[in-house]
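Read the structure below first, then the notes.
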Amino acid sequence: MGQTARTTKLLLDLSTRDQGGTNPGKRSHLTATVIILDAARRFYLAFFLAHPDKLMERVEVISKKTGEVRAGVISADNLLTWAECQTVETADHPTPLPDWNFSRAFPDLPNRYRRSVIKDVIGKARGYLTSVTKWHASGKKKRKPGIPTASNHPTLYAGTFALELDELDLRKSFLRLKVYTGTAWVWVHYPTCYNRYFDRRRAEPGWETESPTLILSKQSAAIHFLQTKTITAHKIVESKRDPDLVTVAVDLNVKQLAVITVRQHGMIKETRFVSDHGLDHHRFEHLKRVAKKQWQAGKAVKGEHSNQQLWAHVRRQNRDCAHQTARAIVEVCAKYPGCVLVFERLRKIKPSGGSKSRRLNRKQANQLRGKINQLAKEKAYALGVVSVEVNPHGTSQYCARCGRLGVRFTYQAGQRVTDRGGRLFSCPSCHYECHADFNASVNVHHSFFREFHWQPRELKSG
Ligand SMILES: [Zn+2]
């Protein structure tokens with residue numbers, strides 16, 4: 001049993017009024033809300049750090065599962081009640097601590113927002129106290145943990161927001177938000193960029209919706225909806241005993257981004273090549289420009305980033321490509337329920353040698369492979385597919401059919417040329433010839449089952 005989480009973004013439409021967006025005043029309300037909630041968070045952070053003993057108080061906790069009573073740290077809910085008692089003026093508690101009167105400092109701040117702020121701060125303050133204790137125990141002089149920052153994205157609890165959907169016309173859907181105008185708290189309607197993709201993700205069965213957060217950036221404002229799902233999956237060791245187990249192996253490369261092979265009963269059932277569609281070369285051209293401009297401009301100014309837009313473009317392309325490739329991998333997994341996804345532990349293609357632009361491009365290619373690996377694992381896990389990493393030793397050098405050492409080669413002008421980085425693979429012992437990346441992908445299955453002599457002993461599950 002495990003848990004997985006994902007977020008779906010819903011953009012607020014902040015374009016001009018005549019384009020269906022919001023009027024400019026509403027945008028400044030969002031900023032004012034973020035600022036006042038940050039201030040409230042700062043208040044409670046200071047309050048909790050001034051009462052460290054209460055924050056780490058040991059109390060008797062009754063286990064929900066077994067009914068057992070044992071000593072544990074006070075729960076966040078109890079702390080919240082205690083903190084409100086000390087700081088908020090109510091009919092029952094007319095006099096909060098004089099130095100910590102929240103009701104005076106922040107009149108009319110809605111209860112829901114106050115609670116979300118306190119909950120947020122409890123986590124931060126506790127984390128800080130734990131790391132300070134550890135730091136004291138370690139006896140180190142340097143690297144004292146810093147006091148956590150109070151600013152965060154506001155969490156929207158029920159009662160501070162409502163999504164109002166027009167079933168017939170999705171474009172007319174809007175979000176009702178309780179915001180601060182600078183003087184008072186009011187409900188304001190914000191038009192959204194509601195779409196079918198968002199609609200589908202929200203309604204997908206098995207996913208629990210958690211409290212969303214408001215993410216405000218320079219250009220845009222969005223609500224991030226967090227969803228969690230409980231996953232039941234077999235352990236790798238259990239799966240391995242199943243004689244009908246299907247394994248999906250992935251070999252990640254630079255130009256053929258992923259070569260996916262599916263194996264059952266010792267036979268390869270399906271193969272899929274995911275090409276980068278020229279991304280590597282395209283990126284190389286951009287990085288040539290970056291390298292040239294850096295050379296022309298001389299030493300970079302400290303604290304300043306050069307070629308920001310170009311880099312943003314490269315990053316965006318990498319991210320999109322990683323998502324697409326990961327989705328292709330997961331699509332294959334979805335066809336075989338109960339399968340195991342097998343990766344090689346990533347080797348770094350060393351970015352040394354060659355021109356500067358070549359080195360930059362290598363680095364980006366490494367990052368892309370890491371991203372594909374990570375995304376594919378996450379997406380597969382959401383389907384209940386567990387992934388495992390195997391040792392990459394020998395997968396690209398040995399023959400997938402007989403297990404003996406082979407050679408890589410390419411065809412140049414109709415001639416076979418032996419080349420370590422060649423696209424094709426040939427085995428001198430059994431005369432098997434195939435695409436080198438396909439051979440490596442099949443070898444990943446062998447590595448998982450440890451079938452050939454060149455396989456190392458250890459196997460790391462991930
Ligand atoms: Zn062979």
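Summary table below
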item: Residues satisfying the stated conditions in the stretch 142-152, i.e. exposed (fewer than 14 other Cβ atoms within 10 Å of the Cβ) and over 11 Å from Leu129 (Cα atoms); result: Lys142, Arg143, Lys144, Thr149, Ser151
item: Residue within the stretch 402-411 that is within 23 Å of the chain's Cα centre (by Cα) and more than 16 Å from the ligand (Cβ to nearest atom) present; result: no
item: Yes/no for Tyr197 being outside any loop (DSSP other than H, G, I, E, B), under 27 Å from the mean Cα position of the chain (by Cα) and among the hydroxyl-bearing types (Ser, Thr, Tyr); result: yes
item: Top-ranked residue in the stretch 376-401 [being aliphatic (A, V, I, L, M) and not in a helix (DSSP H, G or I); ranked as nearest to the ligand (Cβ to nearest atom)]; result: Ala400
item: 1 or more residues closer than 19 Å to Tyr157 by Cα and over 29 Å from the mean Cα position of the chain (by Cα): qualifying helices (runs of 4 or more DSSP H) within the stretch 48-145; result: 76-87, 111-138
item: Any pair with Cβ under 7 angstrom, 6 or more apart, that starts in the stretch 394-423 at a residue that is aliphatic (A, V, I, L, M) and at pLDDT 85 or above and ends at one that is part of a strand (DSSP E or B) and within 11 Å of the ligand (Cβ to nearest atom); result: Leu405/Tyr398; Val407/Ser426
item: Counted residues, the stretch 263-275 - those being within 27 Å of the chain's Cα centre (by Cα) and either hydroxyl-bearing (Ser, Thr, Tyr) or surrounded by fewer than 21 Cβ atoms within 10 Å (Cβ to Cβ) (or both); result: 3
item: Residue in the stretch 363-372 that is within 16 Å of the ligand (Cβ to nearest atom), of a type in the set (S, T, N, Q) and either buried (at least 19 other Cβ atoms within 10 Å of the Cβ) or closer than 30 Å to Gln294 by Cα (or both) present; result: no
item: Hits in the stretch 76-101 - residues which are in contact (Cβ under 8 Å) with a residue 12 or more places away in the chain and in contact with an Asp or Glu (Cβ under 8 Å, 6 or more places away or on another chain); result: Asn101
item: Any chance Thr95 is modelled with pLDDT of 80 or more, among the β-branched types (Val, Ile, Thr) and either out of contact with any Gly (no Cβ under 6 Å at 6 or more places or on another chain) or closer than 24 Å to Pro52 by Cα (or both); result: no
item: All positions within the stretch 180-215 that are within 29 Å of Asp38 (Cβ to Cβ) and exposed (fewer than 14 other Cβ atoms within 10 Å of the Cβ); result: Gly182, Thr183, Ala184, Val186, Trp187, His189, Glu208, Thr209, Glu210
item: Matching entry among Ser426, Ser441, Ser447 (being of a type in the set (Gly, Ala, Ser), farther than 29 Å from His323 by Cα, modelled with pLDDT of 85 or more and surrounded by 18 or more Cβ atoms within 10 Å (Cβ to Cβ)); result: Ser426
item: Unmet requirement for Pro428, which otherwise passes all of (1) more than 16 Å from the ligand (Cβ to nearest atom); (2) out of contact with any Phe, Trp or Tyr (no Cβ under 8 Å at 6 or more places or on another chain); result: (1)
item: Condition broken by Pro456, with the remaining ones in (1) within 14 Å of the ligand (Cβ to nearest atom); (2) modelled with pLDDT under 85; (3) under 37 Å from the mean Cα position of the chain (by Cα); (4) not hydrophobic (A, V, I, L, M, F, W, C) satisfied; result: (1)
item: Only listed residue being in contact (Cβ under 8 Å) with a residue 24 or more places away in the chain and more than 30 Å from Leu10 (Cα to Cα), chosen from Gln317, Gln227, Gln256, Gln296; result: Gln256
item: Filter result for Ile231 (within 19 Å of Gly25 (Cα to Cα) and not hydroxyl-bearing (Ser, Thr, Tyr)); result: no
item: Residue match in the stretch 167-176 (condition: assigned to a strand (DSSP E or B), at negative phi and in contact with a Pro (Cβ under 6 Å, 6 or more places away or on another chain)); result: yes
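The values are calculated or read from the model by the stated rules, or taken from the named source; none is laboratory data. The structure presented is a predicted model; accordingly, all values stated were derived computationally and were not measured. Neighbour counts run over all protein chains shown; Cβ positions are idealised from the backbone, glycine included.
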